[in-house]
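To keep things clear, I will list the structure first and then write my remarks on it.
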Amino acid sequence: FVGATIARNFVNEEAQSATTAFATATFYNDFAGARSTRFGLSGGGGTTDLSTDNLGAFGEVSLGMNYVRLMNGGAGAPRQFTATIRGDARFSNRLESYGLTAQVRVNF
């Protein structure tokens, strides 16, 4: 695969926080050959063959944002808050897939 990412940071020193917006584009190529599998029933009930082609070449585009804030909590209080959201799209003449990922983390 080969990919490229562009990102822009926005720092808010007063709030002790930073936001990063990013966009990523990636090109993948599956070089493997077709996969063949033979299924057999226990007890000798026959077999079934299955053949699956690889995905070939496909692209992925991701857009997202990260947010980090330092917190000045005392003992046992949160020290950092992090949130991330990202949308992904994968596509080719054989593949169409979309995803949304969100994450929140609090460090103590």
Verdict on LEU55 being within 23 Å of the chain's Cα centre (by Cα) and surrounded by 13 or more Cβ atoms within 10 Å (Cβ to Cβ): yes
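Among the residues of the range 1-48, write down those that are among the hydroxyl-bearing types (Ser, Thr, Tyr), more than 23 Å from GLU96 (Cβ to Cβ) and within 25 Å of the chain's Cα centre (by Cα). Spell out the reasoning first.
So the first thing to find is which residues in the range 1-48 are among the hydroxyl-bearing types (Ser, Thr, Tyr), and the list is 5, 17, 19-20, 24, 26, 28, 36-37, 42, 47-48.
Retained after the next criterion (residues that are more than 23 Å from GLU96 (Cβ to Cβ)): 17, 19-20, 36-37, 42, 47-48.
Listed by number, the residues that qualify are SER17, THR19, THR20.
For residues that are of a type in the set (Ser, Thr, Tyr) and open to solvent by less than 70 Å² (accessible area, probe 1.4 Å), scanning just the range 8-51, find the one that is nearest to ASN72 (Cα to Cα). Break it down into steps so the answer makes sense when it comes.
Residues of the range 8-51 of a type in the set (Ser, Thr, Tyr): 17, 19-20, 24, 26, 28, 36-37, 42, 47-48, 51.
Filter once more, keeping what is open to solvent by less than 70 Å² (accessible area, probe 1.4 Å): 17, 19-20, 24, 26, 28, 37.
On the way: SER17: 12, THR19: 18, THR20: 21, THR24: 33, THR26: 38, TYR28: 43, THR37: 57 Å.
Within the range 8-51, the match that is nearest to ASN72 (Cα to Cα) is SER17.
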Matching residues in the range 77-91 - criterion: being modelled with pLDDT of 95 or more and either among the aliphatic types (A, V, I, L, M) or under 14 Å from the mean Cα position of the chain (by Cα) (or both): ALA83, THR84, ILE85, ARG86, GLY87, ASP88, ALA89, ARG90
Pairs with Cβ under 9 Å, 6+ apart, first in the range 84-105 and closer than 15 Å to PHE22 by Cα, second open to solvent by 100 Å² or more (accessible area, probe 1.4 Å) and among the aromatic types (Phe, Trp, Tyr): GLY87/TYR98; ASP88/TYR98; ALA89/TYR98
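The values are calculated or read from the model by the stated rules, or taken from the named source; none is laboratory data. The shown structure was predicted, so the numbers you read here are calculated from the model rather than taken from an experiment. We place every Cβ from the backbone using ideal geometry, glycine too, and count neighbours over all the protein chains shown. The accessibility values were calculated without ligands, DNA or RNA, using every heavy atom of the protein model including side chains. Shrake-Rupley method; radii C 1.70, N 1.55, O 1.52, S 1.80 Å.
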